[in-house]
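Engineer: Below is a structure I'd like to ask you about.
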Amino acid sequence: MLAVVLIFIACVLYWRWRRQRKVKATEPPELPGGWPIVGHLLRLVTDSCTLYDRIDVGHHEVTQMGGVVRAHTGTRTLYLLTDPDDSLTVATASMEKDNFYNFAEPWLGHGLITAKYEIWKHHRKLLNPAFSQILLDTFMDAFNSQSKKMVENLENEAGKGFFDHSIYTRHNALETICMTALGVDFTDTNLNSKYVQALEQVFKTLYERLFKVWLHSRKTFAWSNLKKKQDAYLSILHNMSNTVLQRRKAEFNRKINADTKGIPGTKFKPFIDLIFELSSEKELFTDKEIRDHVDTILVAGHDTTATVLTFTMTLLGSYPDVQEKAFNEIQEVLGGKKDVEKADLTKLVYLEAVLKETMRFYTIVPVIARRLKEDIKLKNYTLSGHKTCIIVLCGIHKHPIWGQDVNEFKPERWLAPDCPKAFSAFGLGKRNCIGKTYAMMSMKTTLAHVIRHFKIEADHTKMRVKIGVMIKSETGHHISIVTRT
Ligand code: HEM
């Protein structure tokens, strides 16, 4: 027994000595609490609510250590960053996603989120025009009609006490993205619900794999029950994207919109048509690549905006003074008009501040990861190439640069001339969110309609937040609403 203990101690000492010997003087400091062999992994292995709490504490620790630290999982070195300037330096210099994103490859293939740098560079350039302001402006009718539909549906809950409004925001956002970006009317609630449920399960399998290090290898994963489970849910998601694609392609081929007028009864040309055009005229996308982009846009274009809207409504209900200010601004800008016009969006300055503050307060994509191709020099350290860099977006949003009131929900900060320029909810650098303007336009329109019609009550302190690929509420987002008279 003694021999086993001695051998174990010797192994630990050898391991520490080897690691320390390898570290260059310019490397950032090591995060405390690492264990031999497993490194800092044990700090992350817990349930998804506790993990959110730990990350919420952990990012302060990183900031206190200078905003850049080194951590380990097994033989792998990870850099963790919360310093806003250094994070931007890394995101700008390194546009290659980390291998962690490969876990989503069976689902999203080479869509923009998961694509390797060489494919991404080419495809992003081709797809950027689909998200131009001129095209997005044509979506205003759809944003308005979808917002009015949401108000109509929410009316059923008015005056009836607390309910989970995330169900409404998710279904509505999924319909909106199908309509605007993919040009398909997807109001079939049965299919819509099936997709939302399967998506939740796929997120769970991705999250589970992340913490089961023995399933990181493709080979071990291939034999696991987790893969079988994932495949079953993926077939539901792919079935949906195939359905969307077939419906739209049939319309495209029938030349219904040959004069680029978009789907009948609407004035816009959906994003998918640009892809069809590029693939039929110039053969720039294969069928598989088109499916990958559809899958990516379907998820990235609805789950994000729905989650932000859900958190925003909860916060508005928790801060009645903020809600009243937003309501007054909406009344002033819209007057007696039924719909929000594109020119109104720029005038809804306080509403924009509310949205940005919500995304700072609850950063729904809390971290992003990059693979460093080469050494990167930061303000105080040099990161070594071929390592993983985790940019902690929620840490950037709670950095002391925001001031003493960093932990308060205060939309007014966005109206101050000295407001820090470190807003990172849509990612950083050139590989940031392609849908950020779409997201702001659709969320502002929805909120303008909702706040105008209902007074919301909520208590965000009762909400337990969990972390998955995105953050969500574990306990449901409960609000109550009454119709304004
Ligand atoms: C409030 C809503 C949204 C938030 C907070 C958000 C956040 C983000 C973040 C943080 C990234 C970077 C991910 C990374 O670096 O790993 C990203 C990328 C992306 N987002 Fe969004 N997003 C939102 C809405 C949307 C919408 C509406 C769409 C599409 C219509 C969209 C499509 C994408 C795509 C395709 C990428 C990958 C971009 C690339 O790598 O070139 N997002 N988003």
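Engineer: Taking a threshold of 28 Å on the Cα-Cα distance, which of the pairs Lys204/Lys373; Lys377/Lys430; Lys398/Lys466; Lys212/Lys387; Lys194/Lys342; Lys228/Lys430 fall above it? Each step should come with its number before you reach the end.
Structural biologist: On the way: Lys204/Lys373 30 Å; Lys377/Lys430 19 Å; Lys398/Lys466 18 Å; Lys212/Lys387 20 Å; Lys194/Lys342 33 Å; Lys228/Lys430 36 Å.
Listed pairs above 28 Å: Lys204/Lys373; Lys194/Lys342; Lys228/Lys430.
Engineer: Any chance you could get the radius of gyration and Dmax over the Cα atoms of region 414-485, in Å?
Structural biologist: Using the Cα atoms of region 414-485, the pair Rg, Dmax is 16.1, 46 Å.
Engineer: Normalised by the number of residues in region 209-362, what is the relative contact order in percent for Cα pairs under 8 Å and 6+ residues apart?
Structural biologist: On the way: 67 pairs, mean separation 21.9, N = 154.
Answer for region 209-362 is 14 percent.
Engineer: Contact order normalised by length for the chain, with contacts defined as Cα pairs under 8 Å and 6 or more residues apart; what percent is it? List each step's numbers first, then the result.
Structural biologist: Working: 683 pairs, mean separation 121.9, N = 485.
Rounded, it is 25 percent for the chain.
Engineer: Between Thr483 and Lys219, what FRET efficiency comes out of the Förster formula 1/(1 + (r/R0)^6) with R0 = 45 Å and r the beta carbon distance, rounded to 0.05?
Structural biologist: Taking R0 as 45 Å, the efficiency between Lys219 and Thr483 is 0.20.
Engineer: Same structure again: Suppose the Debye formula is applied to equal point scatterers at every Cα of region 34-136; what is log10 I(q)/I(0) at q = 0.14, 0.16 Å⁻¹?
Structural biologist: Rounded to two decimals, the profile gives -0.79, -0.97.
Engineer: Further question: In whole percent, and with a 1.4 Å probe on the protein chains, what portion of the accessible area of region 286-382 is carbon and sulfur? Please list the in-between numbers first.
Structural biologist: Values: 2010 of 3690 Å².
Carbon and sulfur atoms account for 54 percent of the accessible area of region 286-382.
Engineer: In whole Å, what is the distance between the alpha-carbon centres of region 139-158 and region 360-386?
Structural biologist: 39
Engineer: Sticking with this one: Taking the Cα centre of region 84-192 as origin, work out the dipole magnitude from +1 charges on Lys and Arg Cβ and -1 charges on Asp and Glu Cβ, in debye rounded to 20. Don't skip to the answer; put the middle values down first.
Structural biologist: Working: 9 positive and 15 negative charges, 47 e Å.
Roughly 220 debye for region 84-192.
Engineer: Next question. Please provide three numbers in whole Å: the alpha-carbon extents of the chain along the principal axes, with the largest listed first.
Structural biologist: 80, 53, 40
Engineer: Right, something else. Per the helix-only calculation at 222 nm, which mean residue ellipticity applies to the chain, given -39500 (n - 2.57) for every DSSP H run of n ≥ 4 and division by its residues, nearest 500 deg cm²/dmol?
Structural biologist: Values: 19 runs with 254 residues, N = 485.
So the calculated ellipticity at 222 nm is -16500 deg cm²/dmol.
Engineer: Of the listed peptides 84-93, 349-358, what is their order by residue-averaged count of other C-beta atoms within 10 Å, with the highest listed first? All intermediate terms of the calculation are to be shown ahead of the outcome.
Structural biologist: On the way: 84-93: 20.0, 349-358: 22.0.
Per-residue mean Cβ counts within 10 Å order the peptides as 349-358, 84-93.
Engineer: Continuing with this model, one more query. Quote to one decimal, in nm, the extra length available between Lys288 and Asp85 on full extension: 0.36 nm per residue of separation minus the C-alpha distance between them. Show your work: numbers first, answer last.
Structural biologist: Numbers: separation 203, 0.36 × 203 = 73.08 nm, distance 3.79 nm.
Result: 69.3 nm gained on full extension.
Engineer: Quick check: from the Cα gyration tensor, does region 123-212 come out rounded (a/c under 1.5), prolate or oblate?
Structural biologist: On the way: a/c = 2.21, a/b = 1.05, b/c = 2.11.
Note, shape of region 123-212 comes out oblate.
Engineer: Give the dimensionless ratio obtained when the Cα radius of gyration of region 63-196 is divided by 2.2 N^0.38 Å.
Structural biologist: Rounded to two decimals, the normalised Rg is 1.46.
Engineer: Along the charge dipole of region 117-207, which of Leu191, Ser132, Asn172 sits closest to the positive end, that is, farthest toward it, with unit charges on the beta carbon of Lys, Arg, Asp and Glu (+1, +1, -1, -1)?
Structural biologist: Looking along the dipole axis, the top candidate is Ser132.
Engineer: Count charges around Glu324 for me, please; just the other residues with Cβ under 14 Å from its Cβ, Lys/Arg as +1, Asp/Glu as -1.
Structural biologist: On the way: positive: Lys325, Arg452, Lys455, Arg484; negative: Asp321, Glu329, Glu332, Glu412, Glu457.
Every neighbour counted, the sum reads -1.
Engineer: Suppose all protein chains stay in the model; what accessible area per residue would a 1.4 Å probe give for the chain, in Å²?
Structural biologist: Values: 22570 Å² over 485 residues.
Dividing the accessible area of the chain by its residue count gives 47 Å².
Engineer: Let me ask something else about it. Restricting attention to region 379-424, which trypsin sites (Lys or Arg not before Pro) occupy a DSSP loop and are surrounded by at most 11 other Cβ atoms within 10 Å? Can you show the working numbers first?
Structural biologist: Numbers: sites: Lys379, Lys387, Lys398, Arg413, Lys421; in loops: Lys379, Lys387, Lys398, Lys421.
For trypsin sites (Lys or Arg not before Pro) across region 379-424 that sit outside H, G, I, E and B with at most 11 neighbouring Cβ atoms in 10 Å, the list reads Lys379, Lys421.
Engineer: Using protein chains only and a probe of 1.4 angstrom, how many square angstrom of Cys178 are accessible, to the nearest 10?
Structural biologist: Counting only protein heavy atoms, Cys178 exposes about 0 Å² to solvent.
Engineer: Moving on to the next point. With a 1.4 Å probe and all protein chains in place, put Lys212, Lys444, Lys373 in order of accessible area, largest first. Spell out each step's value before the answer.
Structural biologist: Working: Lys212 65, Lys444 10, Lys373 120 Å².
The ordering from most to least exposed comes out as Lys373, Lys212, Lys444.
Engineer: Moving on. If I take R0 = 25 Å and measure r between the Cβ atoms of Ala158 and Lys436 in this structure, what FRET efficiency does the formula 1/(1 + (r/R0)^6) give, to the nearest 0.05? Mind showing how you got there, number by number?
Structural biologist: Values: r = 32 Å, r/R0 = 1.28.
Plugging the Cβ-Cβ distance into 1/(1 + (r/R0)^6) gives 0.20.
Engineer: Just the number, please: carbon plus sulfur as a percent of the accessible area of region 405-485, 1.4 Å probe, no ligands or DNA/RNA counted.
Structural biologist: Details: 1920 of 3550 Å².
On region 405-485, the fraction of accessible area on carbon and sulfur atoms equals 54 percent.
Engineer: Please state, to two decimals, what the Cα-based radius of gyration of region 319-417 comes to when divided by 2.2 N^0.38 Å (N = residues). Please report the intermediate quantities before stating the final value.
Structural biologist: On the way: Rg = 19.0 Å, N = 99, 2.2 N^0.38 = 12.6 Å.
Relative to the 2.2 N^0.38 Å estimate, region 319-417 comes out at 1.51.
Engineer: Further question on the same structure: If amide H atoms are built 1.01 Å from N in the plane of the peptide, which residues on other chains or at least 5 residues away come under 5 Å of the amide H of Val465?
Structural biologist: Glu474
Engineer: Same structure again: Could you compute how fast region 86-163 diffuses translationally, taking Rh as the Kirkwood radius over C-alpha pairs and applying Stokes-Einstein at 37 °C with viscosity 0.692 mPa s? Give it in µm² per second. Before the final figure, lay out the partial values.
Structural biologist: Details: Rh = 16.5 Å.
Using the Kirkwood radius from Cα pairs, D works out to 199 µm²/s.
Engineer: Go ahead and collect, in residue order, the members of region 172-215 whose backbone nitrogen is under 20 Å from a label point 7 Å along the Cα-Cβ direction of Leu126.
Structural biologist: Answer for region 172-215: 181-183.
Engineer: Could you tell me which of rounded, prolate or oblate describes region 203-258, using a ≥ b ≥ c as the square roots of the eigenvalues of the alpha-carbon gyration tensor, with rounded for a/c under 1.5 and, failing that, prolate when a/b is larger than b/c and oblate otherwise? Before the final figure, lay out the partial values.
Structural biologist: Working: a/c = 3.95, a/b = 3.86, b/c = 1.02.
Prolate shape, in that a/c is at least 1.5 and a/b is the bigger ratio.
Engineer: With a cut-off of 8 Å between alpha carbons and a minimum separation of six or more residues, what is the relative contact order of region 335-400 in percent? Don't skip to the end; give the middle numbers.
Structural biologist: Details: 56 pairs, mean separation 20.0, N = 66.
The normalised contact order for region 335-400 reaches 30 percent.
Engineer: Hey, could you get me the Stokes-Einstein D for region 334-485, Kirkwood radius over alpha-carbon pairs, 20 °C and 1.002 mPa s, rounded to whole µm² s⁻¹? Before the final figure, lay out the partial values.
Structural biologist: Details: Rh = 18.1 Å.
This corresponds to a translational diffusion coefficient of 119 µm²/s.
Engineer: Continuing with this model, one more query. How far is it, in nm, from the label point at Val406 to the one at Glu277 when both lie 7 Å from their Cα along the line to the Cβ?
Structural biologist: Between Val406 and Glu277, the simple spin-label model gives 4.6 nm.
The values are calculated or read from the model by the stated rules, or taken from the named source; none is laboratory data. Since this is a predicted model, take the numbers as computed values, not measurements. Here Cβ is always computed from backbone atoms with ideal geometry, including for glycine, and neighbour counts include all displayed protein chains. Heavy atoms of the whole protein, side chains included, go into the accessibility calculation; ligands, DNA and RNA do not. Shrake-Rupley method; radii C 1.70, N 1.55, O 1.52, S 1.80 Å.
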